[in-house]
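Handing you this structure, nothing more for now.
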Amino acid sequence: MLRIEAVWLAVGASDLRGGMDSLLGQVVARFGSAQRHHAYVFANRRATRLKVLVFDGAGIWLCTRRLQEGRFAWPQDDREALHLSEQQWRWLVAGLPWQRMTAHATAAAIAVV
């Protein structure tokens, strides 16, 4: 089973045409090295696709996610990287506006009185 301890966003648009070697080169350029059990997430310019690179200690995983409609809520500021919590990661890959959501924002059941 793939275990992820931390999720890092490579903020800004990335060229996703390359494979895992070119993305690994971007990780090394931005972060210095790929850390075990860390996920490095990249988005294209339109934020319609994500690529996730994970180093598990034995090898590298490359995963791709594309939304059928809409865009991912991808930050466009100039920060070098952004760390996400597990819940923020779930919201991001679901296509939700993770920056505006909070962990206690859950749907409650309807109660009949």
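The values are calculated or read from the model by the stated rules, or taken from the named source; none is laboratory data. Predicted model, so just to flag it, every value in this text is computed and none were measured. FYI the Cβ positions are ideal-geometry reconstructions off the backbone, even for glycines, and counts take in every protein chain you see. SASA here: full protein model, heavy atoms, side chains in, ligands and nucleic acids out. Shrake-Rupley method; radii C 1.70, N 1.55, O 1.52, S 1.80 Å.
Out of the DSSP beta bridges found with both residues in the chain, what percent are antiparallel (nearest 5)? Write down the numbers at each step before the final one.
On the way: 16 of 22 bridges.
Taking every DSSP beta bridge within the chain, about 75 percent pair in antiparallel fashion.
Ranking request for peptides 22-30, 4-12, 37-45: highest mean number of other beta-carbon atoms within 10 Å first, then the rest in descending order.
Values: 22-30: 15.1, 4-12: 17.1, 37-45: 19.9.
Ranked by mean Cβ neighbours within 10 Å, highest first: 37-45, 4-12, 22-30.
Also, quick follow-up: Could you state the angle between the C-alpha long axis of helix 20-31 and the longest principal axis of the C-alpha atoms of the chain, as a value from 0 to 90 degrees rounded to the nearest 10?
For helix 20-31, the angle is close to 80 degrees.
A follow-up question, please. Can you send over the carbon and sulfur percentage of the accessible area for the chain, probe radius 1.4 Å, protein chains only? Can you show the working numbers first?
On the way: 3900 of 7420 Å².
Whole-percent figure for carbon plus sulfur exposure: 53.
Specify, per residue and in Å³, the volume enclosed by the convex hull of the alpha carbon atoms belonging to segment 9-62. Mind showing how you got there, number by number?
Details: hull volume 3.6 nm³, N = 54.
Once divided by residue count, the hull of segment 9-62 is 66 Å³.
Enter the accessible area per residue of segment 8-97 (Å², integer; probe 1.4 Å; all protein chains in place). Walk me through the numbers before you get to the answer.
Working: 5140 Å² over 90 residues.
Value for segment 8-97: 57 Å² per residue.
For the chain, take the convex hull of the Cα atoms, compute a quarter of its surface area, and give me that in nm², please.
On the way: hull surface 36.3 nm².
Averaging across all directions leaves 9.1 nm² for the Cα convex hull.
Can you work out the Karplus-derived ³J(HN,Hα) for every residue in segment 3-11? Use 6.51 cos²θ - 1.76 cosθ + 1.60 with θ = phi - 60°, whole Hz, and x for glycine or proline.
Those phi angles translate into 10, 10, 8, 8, 10, 10, 8, 7, 5 Hz.
Between Asp56 and residues 5 or more places away or on another chain, which pairs have amide H atoms under 5 Å apart, with H built 1.01 Å from N, and which residues are they?
For Asp56, the qualifying residues are His37, Trp61.
Any chance you could check the Cα centroid distance between segment 43-93 and segment 1-17 for me, in angstrom?
Measuring centre to centre over Cα atoms gives 5 Å.
Which value, in debye to the nearest 20, gives the size of the charge dipole of the chain about its Cα centre, when Lys and Arg are +1 and Asp and Glu are -1 at the Cβ? Spell out each step's value before the answer.
On the way: 14 positive and 9 negative charges, 62 e Å.
In debye, rounded to 20, the chain gives about 300.
Work through the residues other than Arg36 whose Cβ is under 10 Å from its Cβ and net out their charges, Lys, Arg +1 and Asp, Glu -1. Intermediate results must be reported in sequence, preceding the final value.
Numbers: positive: Arg3; negative: Glu5, Asp56.
Computed value for this residue: -1.
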